[in-house]
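Notes follow once the structure below has been shown.
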Amino acid sequence: MTDAPVVTRFAPSPTGYLHIGGARTALFNWLYARGRGGKFLLRIEDTDRARYTPEATQAILDGLTWLGLDWDGDAVSQFESADRHAAVAHEMLAAGTAYKCFASQDEIEAFREAARADGRSTLYRSPWRDVPESEHPDAPFAIRIKAPQEGDITIQDAVQGDVTWKADALDDMVLLRSDGSPVYMLAVVVDDHDMGVTHVIRGDDHLANAARQSMIYTAMGWDLPVFAHIPLIHGPDGKKLSKRHGALGVMEYAAMGYTPAGMRNYLARLGWSHGDDEVFTTKQALEWFDLDGIGKAPARLDFKKMENINRHQIGISDSETMVRDVQSYLTAVGQPVLSDDEAKAFADAFDKLDVTDKTVGDLLAKFAFVLDKPPFTLDEKAEKLLDPVSRGILTQLTPQLQTASWNREALEQTVMEFAEAQDLKFGKLAGPLRVVLSGRAVSPSVFDMMMIIGRDETLARLAHVVG
Ligand code: GLU
C-alpha cells in the first residue's frame, strides 16, 4: 500500500431528505477522510430524472450542513457526467471487454421464460457476446460487459472480509442502454475512478453491487478502491429501519432537539466502537475512527442512548455552538429564531449554569427566565404558587433584596435569614419567587436566576407581581 491521500465520498440518491442511515454513512466517510488529512467528496446520484428535484438535493445538503459534515469542492451531479459514462462504455467496447447486444426486450423475456420452464438459471446469456462485428445488424444496441464466465470474483472488504461470488452467478450486465443512457452501476464506477476515490464506505445493501462494479474496474485496468460495506441500521425492534419506525430524516432529529454534536457522537457509535468509549468529542472521533472498529452486525437505534449522549454533548458544548444549535432547532420546529439580544442573554446564562438537559427543547424551557419577558403568562401551577399570602411575603422580601450585596453567598444569606425571621420553610419562599423570576413553577435555582438576571431585573420582576 502506498500512502496516497485518502479520498472518500458520500453518494446519496436525492430522495427528499437525508436519511439517518445516509447520515451515518456520510459521517463515517467524513471521519475517515478528515481524520487522515484526506478529502471528503459529495456526489449526488441524480440519474433517475423522473424522481429528481433540486429541492431533494438541497435537503441533503442542508442535512449534512446541520450535522457539521463539510465536503470538499462542489457537490457533483452524476447526471451531468452521463457523456463520460457513455464514453467509458465505448472504450470497453473498443477494448473488447464489452460487446454490442441487439437483443430486444421481448427476446430477453422469451429467454427467461424458456429458462424458467426448463428449470435453468434465468440469468440472461446474450447470443451476441461472440458475434463478430461483420455480422452485426444496423440496429439499436445495448453495450454489455463481457463478464468472466468461470472462476470466482472476490471482494476484499474491510468490514465483511473476503466475499466471493461464483462468476457464473453474474450476467453480462448492460453498461449502456440502447437509448444511449448509461446504467447506474457504470456511472458509480466511472465517477469514483474520476474523483480519485480511494475508499468506498457505504451500506452493505451495496455489497453485491461491488462484485459487478469490480468487473468494470478490472476491464478498464483501474485500481479498485478499498471497499467497506457497513451493516444497515435497524429499528429498536431489530427490524430493518423503515417508515414505520418514524423519524427517518436527520432534520426530524433536529426538531426533536438533538444537537449536531449529539448526533455525530451517537451515529459514530452506531455500528462503530472504540473500546468502551460512549461519549466523545468530534476531535476524538476523528483521531480514533478506523474501519477496524466497524462491527459486522446491524446496529440498532436506541433512543435512550441517543438522549443520554445528547445530554452529555449539550453539557460540554460551548455557548457559541449552543446558540447556533438553538437557532437550528427553532428553525426546524418552525419557530422564530432568537434575536441578537436574546442570543446574547442565552449564551451568557448558558456559560453560567450547569446544564443536564437532554434536548434543546428542554434547554430552552430551562432558560425561559432569560428569554421570556414579564409580565409572564402563568400556568395553573404557577398561578397557585402566587396566592395572597405568598404575595405578602414577597412584598416584605423586596426591600431586603434592594439592599443585599449582589453575590450568591450574600443573596443566599439574605433570603435564608428572611425565611427564618418569618418562620417560613425555604421552599415556601422559593416557589413564589421562582414564579416571579421565571413565570414558571419549574426553573433553575432562584439564586442562579437572580445572579444571572441581576438586581435591577430581579426587582423589576418583583414589582410586576407585588409592586
Ligand atoms: N446512491 C446510493 C445510495 O444512495 C449509494 C451508492 C454508493 O455509495 O455507491 O444508496
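The values are calculated or read from the model by the stated rules, or taken from the named source; none is laboratory data. Only a predicted model underlies this, so the values are computations on that prediction, with no experimental measurement involved. Reconstructed Cβ throughout: ideal geometry from the backbone, glycine too, with neighbour counts over all protein chains shown.
Under 7 Å by Cβ, and 6 or more places apart or on different chains, what pairs join a residue from the stretch 116-142 that is farther than 16 Å from Cys101 by Cβ with one that is part of a loop (DSSP other than H, G, I, E, B)?
Close Cβ pairs (under 7 Å, with a partner that is part of a loop (DSSP other than H, G, I, E, B)) amount to Arg116/Thr122.
Restricting attention to the stretch 79-114, report how many residues are exposed (fewer than 15 other Cβ atoms within 10 Å of the Cβ) and of a type in the set (S, T, N, Q).
Residues meeting the conditions: 2.
For the list (1) buried (at least 22 other Cβ atoms within 10 Å of the Cβ); (2) assigned to a loop (DSSP other than H, G, I, E, B), I need the number of the one condition that Ala285 fails.
Every listed condition holds for Ala285 apart from (2).
Just the residues that are within 14 Å of the ligand (Cβ to nearest atom), under 17 Å from Leu175 (Cα atoms) and not charged (D, E, K, R), please, taken from the stretch 202-237.
Once the filter is applied, which keeps residues that are within 14 Å of the ligand (Cβ to nearest atom), under 17 Å from Leu175 (Cα atoms) and not charged (D, E, K, R), the stretch 202-237 yields Ala208, Asn209, Ala210, Ala211, Gln213, Ser214, Ile216, Tyr217.
Mind checking which pairs have a first residue in the stretch 61-72 that is touching a residue at least 24 places away in the same chain (Cβ under 8 Å) and a second that is surrounded by fewer than 17 Cβ atoms within 10 Å (Cβ to Cβ), Cβ under 7 Å, 6 or more apart or different chains?
Sorted first by the residue in the stretch 61-72, then by its partner, the list stays empty.
Answer with yes or no whether Phe10 is farther than 21 Å from Tyr184 by Cβ, surrounded by 16 or more Cβ atoms within 10 Å (Cβ to Cβ), within 12 Å of the ligand (Cβ to nearest atom) and touching a residue at least 24 places away in the same chain (Cβ under 8 Å).
For Phe10, the condition - farther than 21 Å from Tyr184 by Cβ, surrounded by 16 or more Cβ atoms within 10 Å (Cβ to Cβ), within 12 Å of the ligand (Cβ to nearest atom) and touching a residue at least 24 places away in the same chain (Cβ under 8 Å) - is not met.
Under 6 Å by Cβ, and 6 or more places apart or on different chains, what pairs join a residue from the stretch 388-401 that is in contact (Cβ under 8 Å) with a residue 24 or more places away in the chain with one that is surrounded by 13 or more Cβ atoms within 10 Å (Cβ to Cβ)?
Filtered contacts from the stretch 388-401: Ser390/Pro432; Arg391/Val466; Leu394/Pro432; Leu394/Val466; Thr395/Val466; Leu397/Phe418; Thr398/Leu462.
Examine the stretch 193-201 for a residue that is in contact (Cβ under 8 Å) with a residue 60 or more places away in the chain, among the acidic types (Asp, Glu) and either away from the ligand (no atom under 13 Å from the Cβ) or over 29 Å from Ala94 (Cα atoms) (or both), and state whether such a residue exists.
Taking every residue of the stretch 193-201 in turn, at least one turns out to be in contact (Cβ under 8 Å) with a residue 60 or more places away in the chain, among the acidic types (Asp, Glu) and either away from the ligand (no atom under 13 Å from the Cβ) or over 29 Å from Ala94 (Cα atoms) (or both).
Restricting attention to the stretch 211-240, report how many residues are small (Gly, Ala, Ser) and at pLDDT below 95.
So the answer is 2.
Kindly provide the set of residues from the stretch 236-262 that are among the small types (Gly, Ala, Ser), touching a strand residue (DSSP E or B) at 6+ places or on another chain (Cβ under 7 Å) and on the phi < 0 side of the Ramachandran plot, ordered by number.
Gly249
Take the conditions surrounded by 15 or more Cβ atoms within 10 Å (Cβ to Cβ) and out of contact with any Lys or Arg (no Cβ under 8 Å at 6 or more places or on another chain) and apply them to Gly361. Does it pass?
The answer is yes for Gly361.
Assuming Tyr184 fulfils every condition listed in (1) within 12 Å of the ligand (Cβ to nearest atom); (2) in contact with a strand residue (DSSP E or B) (Cβ under 8 Å, 6 or more places away or on another chain) apart from one, which condition is it?
For Tyr184, the exception is condition (2).
Pull out all pairs, ordered by first then second residue, where Cβ-Cβ is under 6 Å, the residues are six or more apart or on different chains, the first lies in the stretch 282-293 and is within 21 Å of Ile314 (Cα to Cα), and the second is not in a helix (DSSP H, G or I).
Close Cβ pairs (under 6 Å, with a partner that is not in a helix (DSSP H, G or I)) amount to Leu286/Gly35.
Could we say that Ala33 is more than 14 Å from the ligand (Cβ to nearest atom), closer than 22 Å to Tyr266 by Cβ and surrounded by 21 or more Cβ atoms within 10 Å (Cβ to Cβ) here?
So Ala33 fits the description; yes.
If Lys243 meets every condition in (1) modelled with pLDDT of 95 or more; (2) away from the ligand (no atom under 11 Å from the Cβ) apart from one, which number is that one?
The single condition Lys243 does not satisfy is (1).
Just checking, which of Gly16, Gly96, Gly73, Gly68 is more than 26 Å from the chain's Cα centre (by Cα), more than 12 Å from the ligand (Cβ to nearest atom) and at positive phi?
Gly96
Listed here are the residues, each with its yes/no results for (1) under 26 Å from the mean Cα position of the chain (by Cα); (2) in a helix (DSSP H, G or I).
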| site | (1), (2) |
| --- | --- |
| Ser328 | yes, yes |
| Leu338 | yes, no |
| Gly361 | yes, yes |
| Thr377 | no, no |
| Glu383 | no, yes |
| Gly392 | no, yes |
| Glu412 | no, yes |
| Ala430 | no, yes |
